[in-house]
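Readers should treat all values here as calculations from the given coordinates under stated rules, not as data from a laboratory. Please read all numbers here as calculations on a predicted model, not as lab measurements. Using ideal geometry, Cβ is built from the backbone for each residue, glycine included, and neighbour counts are taken over all protein chains shown.
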Protein chains: 2
Amino acid sequence: MDNLFLRKVERQVRLPEAARAALGDLARQQIRHVAARQDLVGHDTGPHHAHLILDGWACRYRQFPDGRRAIVALLLPGDLCDPYRVHRIRADHAVGALTALTVARLAPEALDEAARAHPAIEACFRREMLAALALQREWTAGVGRRSAIERLAHLFCELHLRLAAVGLVADATFPMPVTQPDLADALGQTSVHINRTLRELRAAGLIELRGRRLTIRDLPGLKALALFDPAYLYWA
Amino acid sequence: MDNLFLRKVERQVRLPEAARAALGDLARQQIRHVAARQDLVGHDTGPHHAHLILDGWACRYRQFPDGRRAIVALLLPGDLCDPYRVHRIRADHAVGALTALTVARLAPEALDEAARAHPAIEACFRREMLAALALQREWTAGVGRRSAIERLAHLFCELHLRLAAVGLVADATFPMPVTQPDLADALGQTSVHINRTLRELRAAGLIELRGRRLTIRDLPGLKALALFDPAYLYWA
DNA sequence: CGAATGGTTGATGGAACTCAACATCGGTGG
DNA sequence: CCACCGATGTTGAGTTCCATCAACCATTCG
């Protein structure tokens, strides 16, 4: 199977054969498995490798000294994590596995090399960065100005499109392995309130969530509730 | 006067003479003045120019259909706005002037050209992107997990460092031209509550705010309250 | 100089948090 | 295979932080 990053990319741009091959090769080096709840990159890690998520879900998060935790991004299969070298002494956040994870570790030198050799790859990396930035802005806007139920609805709309872009949605159903405590940290709430809000969404007939799988029962309704505008999703 | 972007950059890396000259030239083309409350880039603008903020403050914001507004980033003098070409049909957010503004409009072609000719400039652009991303993550974490007073304190710590990096801080005092309604949209609160929180910060002897100028009276105290960790600020 | 915008303060309400208890699930080892 | 245990999910009661509503100043700007 080709990797999902390629699949996502090629929905939008046609890559030259050589570039596709180079990207494919990159993803086949240094496959690593990480257990759920383990960190790929710690808060105190210095400059580190890039990662391509092959399977499973991860998150970027920030741990505060008093124990509070904020999940600032979800990383899904096909996502490319930190394509550009980060020159900081100390990372400003960590990357952790939410589920069991399969990733390709990518050496910064190999990425630089590939980007230099293939302009199309450089363009992909740049697009991934711009996509991450736009996504991050939307998350900021969401926690700032959306209500609890809107935030949850919005996240589900976003996941629906992002997962569809890598072919992981069938019949408006997709994997949703994020626990309620994790959802809470991602949406800036408490797990108790997440639970009540989920109940509301179910009661409204908008979603169904069982056994780590989510089915969207009423997509238009969910989008309307979430004030969802897909303009910020580059790859979807 | 050299532009502030250059000043900020050269605090960290020494640029080759040719690169510095090229960056300087870029910033001297197409100077534009924008009145406060005007948009530089609208929500429905397609691919657009990049901008270098020469003087005044701007913000990225997202306007929701029902009137709510979220300010997702503050753009200060010396900030480079969208160095990389954005290929979206429709922007996912707008850029507006918070004060009267002087900017250099930069043609995407000229930027591409400069980046290709000078690796040091390419590195600068990349760094600016990474800095914007890290900043955006910190804002997401903040609105998600910091209390009202912590958020305000954190913003002031951030502005202190960012403005210091371009030489706009003297005696722990710097310009703070953002109105309380704007602060509210940036921190995900209401202007009424911003007002009360400011009062608290003043009462605690941490800051002084008069006539659009902010003085930090107790920086360690403010940092402690904000759980401030500067790791995310690339240029400061 | 008057109108609009921004700032300040009080009273009241509500969305989301906290605390607490219990149910359920999933994995692990006896 | 089942018993156990920790992690996750669920629900209720009480509380808190921040929003809302509503005035009223202060400032700025046309």
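With +1 assigned to the C-beta of every Lys and Arg and -1 to the C-beta of every Asp and Glu, and no other charges, what is the dipole magnitude of the stretch A:4-118 about the Cα centre in debye, to the nearest 20?
Computed charge dipole of the stretch A:4-118: roughly 260 debye.
Going Cα to Cα from residue A:223, which lysines come in below 16 Å? Please leave out same-chain ones fewer than 8 positions away.
none
Please work out the ratio of the alpha-carbon Rg of chain A to 2.2 N^0.38 Å and round it to two decimals.
Numbers: Rg = 17.8 Å, N = 236, 2.2 N^0.38 = 17.5 Å.
Taking N as the residue count of chain A, the ratio is 1.01.
Can you classify the stretch B:165-215 as rounded, prolate or oblate using the Cα gyration tensor, where a ≥ b ≥ c are the square roots of its eigenvalues, rounded means a/c under 1.5, and otherwise it's prolate if a/b beats b/c and oblate if not?
In terms of gyration-tensor shape, oblate.
Go ahead and set up a Gaussian network model of chain A, Cα springs under 10 Å, then flag whichever of A:50, A:100, A:186 fluctuates most.
Between A:50, A:100, A:186, it is A:100 that shows the largest mean-square fluctuation.
Could you name the aspartates and glutamates whose alpha carbon sits less than 13 Å from that of residue B:8, not counting residues in the same chain fewer than 8 places away?
B:79, B:128
For the stretch B:142-236, build the charge dipole from Cβ charges (+1 Lys, Arg; -1 Asp, Glu) around the Cα centre, then report which of B:234, B:189, B:175 sits farthest towards its positive end.
B:189
Give me the percent relative contact order of the stretch A:94-192, please, defined on Cα pairs under 8 angstrom at least 6 residues apart. Let's see the in-between values first.
Numbers: 30 pairs, mean separation 21.8, N = 99.
Over the stretch A:94-192, the number comes to 22 percent.
Taking the beta-carbon count within 10 Å as an exposure proxy, list B:79, A:66, B:112 from fewest neighbours to most.
A:66, B:112, B:79
How high is the relative contact order of chain B, in percent, with contacts defined as C-alpha pairs under 8 Å that are six or more residues apart?
21
If you plug each phi of the stretch A:23-30 into the Karplus form 6.51 cos²θ - 1.76 cosθ + 1.60 with θ = phi - 60°, what whole-Hz ³J(HN,Hα) values come out, in order, with x for Gly and Pro?
Rounded to whole hertz, the list is 5, x, 4, 3, 6, 9, 7, 6.
Normalising by the residue count of the stretch B:146-232, find the relative contact order in percent from Cα pairs under 8 Å and 6+ residues apart.
Normalised by residue count, the contact order of the stretch B:146-232 is 40 percent.
Name the shape class, rounded, prolate or oblate, that the alpha-carbon gyration tensor gives for the protein assembly as shown, where a ≥ b ≥ c are the square roots of its eigenvalues, rounded holds for a/c under 1.5, and otherwise prolate holds if a/b is larger than b/c and oblate otherwise.
It comes out oblate by the Cα gyration axes.
Taking the Cα centre of the protein assembly as shown as origin and charging only Cβ (+1 Lys, Arg; -1 Asp, Glu), how large is the dipole, in debye to the nearest 20? Kindly include the intermediate steps, with their values, before the conclusion.
Working: 64 positive and 52 negative charges, 188 e Å.
So the magnitude is around 900 debye.
Give the average over all directions of the projected area of the C-alpha convex hull of the stretch A:146-232, one decimal, in nm².
Taking a quarter of the hull surface, the average projection is 5.3 nm².
What Kirkwood hydrodynamic radius do you get for the stretch B:4-118 when you take the inverse of the mean 1/r over all pairs of distinct Cα atoms, in Å?
One over the average 1/r among Cα pairs gives 14.9 Å for the stretch B:4-118.
Per DSSP H run of at least 4 residues, take -39500 (n - 2.57); add these up for the protein assembly as shown, divide by its residues and hand me the 222 nm value, nearest 500 deg cm²/dmol. It would help to have the intermediate numbers written out before the result.
Working: 16 runs with 204 residues, N = 472.
It lands at -13500 deg cm²/dmol.
Return A:85, B:11, B:28 ranked ascending by Cβ neighbour count within 10 Å, so the fewest neighbours appear first.
By the 10 Å Cβ count, ascending, the order reads B:28, B:11, A:85.
Determine ³J(HN,Hα), in whole Hz, for all residues of the stretch B:192-203 in sequence, where each value follows from phi through the Karplus function 6.51 cos²θ - 1.76 cosθ + 1.60 and θ = phi - 60°; x replaces Gly and Pro.
Values, residue by residue: 4, 6, 4, 4, 5, 5, 4, 4, 4, 4, 5, 4 Hz.
In whole angstrom, how far apart do the alpha carbon centroids of the stretch B:1-72 and the stretch A:119-151 sit?
20
Give me the distance in nm between label points sitting 7 Å out from Cα along the Cα-to-Cβ direction at residue A:87 and residue B:87, one decimal.
So the two model labels end up 2.7 nm from each other.
Would you mind classifying the stretch A:128-185 by shape? Square roots of the alpha carbon gyration tensor eigenvalues, ordered a ≥ b ≥ c; an a/c under 1.5 is rounded, otherwise it is prolate if a/b is larger than b/c and oblate if not.
In terms of gyration-tensor shape, oblate.
Between residue B:12 and residue B:148, what is the label-point separation in nm under the 7 Å Cα-to-beta-carbon projection?
Between residue B:148 and residue B:12, the simple spin-label model gives 3.5 nm.
Provide a whole-number value for the mean count of partner chain Cβ atoms within 10 Å of the Cβ atoms in peptide B:85-96.
Partner-chain Cβ atoms within 10 Å, mean over residues of B:85-96: 4.
Averaged across the residues of A:141-153, what count of C-beta atoms belonging to other chains lies within 10 Å of each residue's C-beta?
5
Based only on other Cβ atoms within 10 Å, what is the fewest-to-most ordering of B:72, A:169? It would help to have the intermediate numbers written out before the result.
Details: B:72 25, A:169 18.
Going from least to most buried by this count: A:169, B:72.
Taking the Cα centre of chain A as the origin, how large is its charge dipole in debye, to the nearest 20, when only Lys and Arg (+1) and Asp and Glu (-1) carry charge on their Cβ atoms?
460
Please find the FRET efficiency linking residue B:28 to residue B:203, where r is the Cβ-Cβ separation and R0 is fixed at 51 Å, and quote it to the nearest 0.05.
Here the calculated transfer efficiency is 0.65.
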